[in-house]
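I have placed the structure first, in the form of structure tokens, so that the comments after it can refer back to it.
Quick note: the coordinates plus some simple rules give every number you see, no bench work behind them. None of these values were measured; they are calculated from a predicted model. Counting neighbours? That spans all protein chains shown, and the Cβs are built from the backbone with ideal geometry, glycine included.
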Ligand code: 13P
């Protein structure tokens, strides 16, 4: 990963105890039957057990944040090496909930992304506009700038993933229109290409924000959408399994929206 197959990433956020791993086993069985790459980003406490739970399947396991250093006096933080040691293959960097709650900025996200790659992880770098920025009609300018500031140029040839998550859509049961998502993803692709050249053409672009089994196929049919990042609908195994079936690439005709 990244891969040319479409990618579904579950983000459990601060949810999940050992008892929830039984559902993940069922998810892994379905993941092996659909034409998709599937990953689940879990709390750090579950990475190692989730890795063992899905062992033998194609499911990847990820973390949700990392420190940019390798080790040191940073109480409560986790390095890329630690995540890899626990069994993670990827990590979310710059999720809007961390930006909002801990004041993470684009420069810090870029440093984290570089640390993830240096440590052997695929970073899922998150960008997205706030409601105020959307209301001011600044969505495309904001996410273009975020890509420029969050994706270090030396990562142009590295395995990275970019996720567009409009902050106002996360966890609210609302999503942008399909035209808005298409325009945002075209902007992300354009930003990557203009700054980092053709090498970035292969970077998967995920959409996140209230994606569920009911809307995933329409979102996934958009040209510059290579997958989705799913919060709430990834928590319950049967919901996530329904989403995987609905997202199965073999069932989706692709739509170009200009
Ligand atoms: P929801 O799917 O719950 O809106 O969360 C999206 C998200 O933040 C995934 O990282």
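Could you please rank 196, 95, placing first whichever residue has the fewest other Cβ atoms within 10 Å of its Cβ? Mind showing how you got there, number by number?
Working: 196 21, 95 26.
Lowest to highest Cβ neighbour count: 196, 95.
Mean-square fluctuation check for the chain, GNM, Cα pairs under 10 Å: which of 45, 139, 187 is largest?
Comparing 45, 139, 187 in a Gaussian network model of the chain, the most mobile one is 45.
Please build a GNM for the chain, connecting alpha carbons under 10 Å apart, and tell me which residue among 225, 117, 109 fluctuates the most.
The residue with the greatest mean-square fluctuation here is 117.
Could you identify which residue out of 58, 33, 175 has the top mean-square fluctuation in a GNM of the chain using Cα springs shorter than 10 Å?
Among 58, 33, 175, the largest mean-square fluctuation in the Gaussian network model of the chain belongs to 33.
Say each of residue 137 and residue 57 gets a label point 7 Å from the Cα, pointing the same way as Cα to Cβ; how far apart are those two points in nm?
Placing both labels 7 Å beyond Cα along the Cβ direction yields 4.7 nm.
In terms of the Cα gyration tensor, with a ≥ b ≥ c the square roots of its eigenvalues, is the range 20-144 rounded because a/c is under 1.5, prolate because a/b exceeds b/c, or oblate? Working shown, then result.
Numbers: a/c = 2.29, a/b = 1.37, b/c = 1.67.
Oblate is the answer for the range 20-144, as a/c is 1.5 or above yet b/c matches or exceeds a/b.
Need one number: the % of Cα-Cα pairs in the range 124-179 sitting beyond the 20 Å mark. Each step should come with its number before you reach the end.
Details: 444 of 1540 pairs.
Tail of the P(r) past 20 Å holds 29 percent of the pairs.
Can you pull a Stokes-Einstein diffusion coefficient for the range 70-166 at 10 °C (1.306 mPa s), Rh from Kirkwood over Cα pairs, as a whole number of µm²/s? Could the numbers behind the result be given before it?
Details: Rh = 14.0 Å.
Rounded to a whole number, D works out at 114 µm²/s.
What ranking do 82, 90 get, fewest neighbouring Cβ atoms within 10 angstrom at the top? Can you show the working numbers first?
Working: 82 18, 90 25.
With the sparsest Cβ surroundings first, the list reads 82, 90.
Over 10 Å intervals from 0, what percent of Cα-Cα pairs in the range 191-246 sits in each interval?
Once binned at 10 Å, the Cα pair distances of the range 191-246 give 23, 44, 22, 11, 0.
Pulled fully out, how much extra length does the chain show between residue 153 and residue 180, if you take 0.36 nm times their separation in residues and subtract their Cα-Cα distance?
Working: separation 27, 0.36 × 27 = 9.72 nm, distance 2.69 nm.
Contour length minus Cα-Cα distance gives 7.0 nm.
May I ask for the Kirkwood hydrodynamic radius of the chain, worked out over all distinct Cα pairs and given in angstroms to one decimal? Write out the running numbers ahead of the final one.
On the way: mean 1/r = 0.0555 Å⁻¹.
Taking every pair of different Cα atoms in the chain, averaging 1/r and inverting gives 18.0 Å.
Could you let me know the centre-to-centre spacing of the range 91-118 and the range 1-59, using Cα atoms, in angstrom?
Cα centroid to Cα centroid, the span is 22 Å.
Which whole-percent values make up P(r) of the range 148-258 when all C-alpha to C-alpha distances are grouped in 10 Å steps starting at zero?
15, 44, 32, 9, 0
Would you compute, for the Cα atoms of the range 36-79, the largest minus smallest coordinate along each principal axis and list the three values in descending order, in whole Å?
Ordered largest first, the range 36-79 gives principal extents of 38, 19, 14 Å.
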